[in-house]
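Q: Below is a structure I'd like to ask you about.
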Amino acid sequence: MSSAPVGGGLGLVEWTLNIGVGSDYNRTDLSEHAREVAAEIGVRGTGVAMFTAVDLSLRQRCDFEGVTVDATVGVSHPTWAAEIPEAVETVSPGTINLVIQMPVGLDPGAAVNAVMTATEAKTQALAAQGVEGTGTATDAVTIIWPPGIPAARFAGPRSRWGARIGQAVYRAVRAGAV
């Protein structure tokens, strides 16, 4: 399950990329750029690609009771989700990308709920760090799990796996938002 600009949605993928770009990045052919990068590193098939100007060496990783989160946290341009900008052209991107690896599958509804739980935990971590915003204009969440394994039915913050997602995301984002 992914909200990524390339390969987003619910489906089977063979790879996930968090592609580092410059802060002046302005390509709009994101699928083509992802194909170029995938070809350069030798991955084939269907995948998910996210883009970030955050230095990838600053990636934060948190393992929490079977859930692994890799987060690139760029909060130089935080935004409020319900704020309406005066002009869309003036919105400056910042990026918080989350890749969440699960040891269990997720039913489709649980996958959507897992994205919501991750987003809530991200926002809670930003608030704890004093960031004025709920995220950035270009955040993405990708949740992956091996195919053909038993699926959890729930992933809200009070479910077994949702609570683990929440903790791992909160810790990774909070560490990266300093």
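The values are calculated or read from the model by the stated rules, or taken from the named source; none is laboratory data. It should be emphasised that the depicted structure is a prediction, and the values quoted were computed from it without experimental measurement. Here Cβ is always computed from backbone atoms with ideal geometry, including for glycine, and neighbour counts include all displayed protein chains. Note: accessible area is taken over every heavy atom of the protein model, side chains too, but ligands, DNA and RNA are not part of it. Shrake-Rupley method; radii C 1.70, N 1.55, O 1.52, S 1.80 Å.
Q: Between Val141 and residues 5 or more places away or on another chain, which pairs have amide H atoms under 5 Å apart, with H built 1.01 Å from N, and which residues are they?
A: Correct list: Ser3, Ala4, Leu98.
Q: Where in the chain are the helices, taken as whole DSSP H runs, whose Cα atoms extend 18 angstrom or more along the long axis and whose Kyte-Doolittle mean reaches at least -0.5?
A: 108-128, 160-176
Q: What part of the accessible area of the stretch 3-156, given as a whole %, is carbon or sulfur when the probe is 1.4 angstrom?
A: Solvent-exposed carbon and sulfur of the stretch 3-156 make up 53 percent of the total.
Q: Let's test the formula: R0 of 30 Å, r as the Cβ-Cβ distance of Asp55 and Met116. What FRET efficiency results, to the nearest 0.05?
A: 0.60
Q: Next question. Taking a ≥ b ≥ c as the square roots of the Cα gyration tensor eigenvalues, with a/c under 1.5 meaning rounded and otherwise prolate when a/b beats b/c, else oblate, which class fits the stretch 1-89?
A: Cα axes put the stretch 1-89 in the oblate bin.
Q: What percentage of all Cα-Cα pairs in the chain are separated by more than 24 Å?
A: The share of Cα pairs beyond 24 Å in the chain comes to 35 percent.
Q: Here's a follow-up. Can you tell me, using C-alpha contacts under 8 Å and at least 6 residues apart, the relative contact order of the chain as a whole percent?
A: It comes to 26 percent, rounded to a whole number.
Q: Can I get the semi-axes of the stretch 105-178's equivalent ellipsoid? Compute them from the C-alpha gyration tensor as square roots of 5 times the eigenvalues, in angstrom, largest first.
A: So the equivalent ellipsoid measures 24, 12, 10 Å along its semi-axes.
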